[in-house]
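> Got a structure for you, written out below as structure tokens; questions coming shortly.
The values are calculated or read from the model by the stated rules, or taken from the named source; none is laboratory data. Keep in mind it's a predicted model, so treat the numbers as computed, not measured. Cβ sites come from the backbone with ideal geometry, for glycine too, and all protein chains shown count toward neighbours.
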Amino acid sequence: MGEGLQQHEVEDDALMRRAANRDTVAFGQIVRRYQSPLLRAASRFLVNDTDMAADAVQETFLRLWQAAPTYSPQGNLRAYLYRILYNLCRDARRRERTTDRLEDFPPFTSASPTPEIALDRRLLSDAVRCAVEELPEGQRAVFLLNQYEGLSYRAIAAILDCPEGTVASRKHLALEALRHRLQPWMTGEDNK
Amino acid sequence: MSTLPQDLTCTWVRERLTAWLDGELPPNDEAILRQHVQNCPDCDHLYQELMALAELTATWQGQSTEQDLWPRVYERICQEPEMTNPSHESEMLTLLQSLLGEMTAMRGEMSVLRREVSELRRQLAASPSLASPYSRSATGQPLLPYASSGESSPLIS
């Protein structure tokens, strides 16, 4: 153990070994280390529902605590946490499908001022959110984990339990779909 | 990740543009793509679009997430069965009961000893001719508390 691991990964492993012995102080350090990125990720997985996101992250930490005695430290705690979180959020989404669709937002039309001037960041942000929301689940997961969480293809493959090549092709397909969906925002052309 | 193509095509390049932007291509492939994009307007256009898309999608910030979950997580893990383990609690209770029993027995022995010492002092005061107050006049053996010798004190009825 230790070779090739970064400092924070070595620290994670040490904290997890203490948590396995029911050391709540060590576990508290893990929670405070990862809560912000996980909350941010959960808010995207769950389409900005902050209450559900907080619940999902809490549940993620609770499951980590339960699994700590059998957790095998190998410097992949971050991916391990994202994997739990992603599965929880996916299940939550299945229970409560959101109904927002890209069409619900005002389309960018050629009658609008030039994109540079008219670009309302909130509208654009909503448009991006809805476009991502409409991706097939596998592509959406890869896109969110890679684009916003900065996880490598290898880490995402571990989280989603699929080959790296699948991650690469899903990311490619996701960008293709988003490119078409968000084309009006990129060029200022009419939506249709 | 990939093997180099026999005949480089735009399709081959376009399939790898995303991985290139993500920094996931082997250096050899990266060099090939860079060279191709510099010489192919269509692929260059797509490359520029993908870069613009990356900027566009970065506008989705997500919700503000500054909150401390630890107090709530701590509360929940304290409710976990292992933290309030009934068998653990019953073990502690048994241990406490055992300690209390020991303490009660010791208290009884102390009471007996106290009375024996008082009686010895009384006898000593009444018979100043005894050679040593700390040895039995008959055997010369050191005085032992009756509680530890297993005998009952003849002085206490």
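> Out of the residues in the range B:36-47 that are loosely packed, with under 12 Cβ neighbours inside 10 Å and free of Cβ contacts under 8 Å to residues at least 12 places away in the same chain, which is nearest to the other protein chains (Cβ to nearest Cβ)?
Applying the filter and picking the extreme gives B:45.
> How do the pairs read when you match residues in the range A:54-73 that are more than 11 Å from every other protein chain (Cβ to nearest Cβ) with residues anywhere that are of a type in the set (A, V, I, L, M, F, W, C) and surrounded by fewer than 17 Cβ atoms within 10 Å (Cβ to Cβ), using Cβ under 7 Å and keeping only pairs 6 or more apart or on different chains?
Pairs found: A:73/A:1.
> Checking the condition at pLDDT below 90 and either surrounded by 10 or more Cβ atoms within 10 Å (Cβ to Cβ) or in contact with a His (Cβ under 7 Å, 6 or more places away or on another chain) (or both), which residue from B:133, B:86 passes?
Result: B:133 is the single residue among B:133, B:86 that is at pLDDT below 90 and either surrounded by 10 or more Cβ atoms within 10 Å (Cβ to Cβ) or in contact with a His (Cβ under 7 Å, 6 or more places away or on another chain) (or both).
> Need the failing condition index for residue A:22 against (1) closer than 22 Å to residue A:145 by Cβ; (2) within 11 Å of another protein chain (Cβ to nearest Cβ), just the number.
For residue A:22, the exception is condition (1).
> Would you call residue A:129 surrounded by 17 or more Cβ atoms within 10 Å (Cβ to Cβ), charged (D, E, K, R), facing chain B (nearest Cβ under 10 Å) and touching a Phe, Trp or Tyr at 6+ places or on another chain (Cβ under 6 Å)?
Yes, satisfied.
> Quick check on my filter: what residues within the range A:19-48 are in contact (Cβ under 8 Å) with a residue 60 or more places away in the chain and either within 17 Å of residue B:74 (Cα to Cα) or among the polar types (S, T, N, Q) (or both)?
A:48
> Hey, can you tell me all the residues within the range A:32-43 that are crowded, with 22+ Cβ neighbours inside 10 Å, facing chain B (nearest Cβ under 7 Å) and modelled with pLDDT of 90 or more?
A:35, A:39
> Here's a follow-up. It is to be established whether one or more residues within the range A:100-109 are within 22 Å of residue B:58 (Cβ to Cβ), modelled with pLDDT under 90, in contact with a Pro (Cβ under 9 Å, 6 or more places away or on another chain) and surrounded by 13 or more Cβ atoms within 10 Å (Cβ to Cβ).
The answer is yes; a qualifying residue exists.
> Could you tell me which of the residues B:23, B:62 is buried (at least 17 other Cβ atoms within 10 Å of the Cβ), on the phi > 0 side of the Ramachandran plot and either at pLDDT below 85 or in a loop (DSSP other than H, G, I, E, B) (or both)? Steps first, please.
Values: B:23 fails: buried (at least 17 other Cβ atoms within 10 Å of the Cβ).
Criteria check complete, one pass: B:62.
> Another question, then. Among the hydroxyl-bearing types (Ser, Thr, Tyr) and over 19 Å from the mean Cα position of the chain (by Cα) - does that describe any residue in the range A:78-95?
No: the range A:78-95 contains no residue that is among the hydroxyl-bearing types (Ser, Thr, Tyr) and over 19 Å from the mean Cα position of the chain (by Cα).
> Residues in the range A:150-180 that are of a type outside the set (S, T, N, Q), more than 8 Å from every other protein chain (Cβ to nearest Cβ) and surrounded by fewer than 19 Cβ atoms within 10 Å (Cβ to Cβ): how many? Give the derivation first.
Start the filter on the range A:150-180 by keeping residues that are of a type outside the set (S, T, N, Q), which leaves A:150-151, A:153-165, A:167-168, A:170-180.
Narrowing the set further to residues that are more than 8 Å from every other protein chain (Cβ to nearest Cβ) leaves A:150-151, A:154-163, A:167, A:170, A:173-174, A:176-177, A:180.
From what is left, the residues that are surrounded by fewer than 19 Cβ atoms within 10 Å (Cβ to Cβ) are A:150, A:154, A:158, A:161-163, A:173, A:176-177, A:180.
Within the range A:150-180, residues that are of a type outside the set (S, T, N, Q), more than 8 Å from every other protein chain (Cβ to nearest Cβ) and surrounded by fewer than 19 Cβ atoms within 10 Å (Cβ to Cβ) number 10.
> Anything in the range A:147-176 that is closer than 16 Å to residue B:16 by Cβ and in contact with a Phe, Trp or Tyr (Cβ under 7 Å, 6 or more places away or on another chain)? List them, or say none.
Result: A:164, A:167, A:168, A:171, A:174.
> Got at least one residue in the range A:77-88 being over 24 Å from residue B:60 (Cα atoms) and not acidic (Asp, Glu)?
Taking every residue of the range A:77-88 in turn, at least one turns out to be over 24 Å from residue B:60 (Cα atoms) and not acidic (Asp, Glu).
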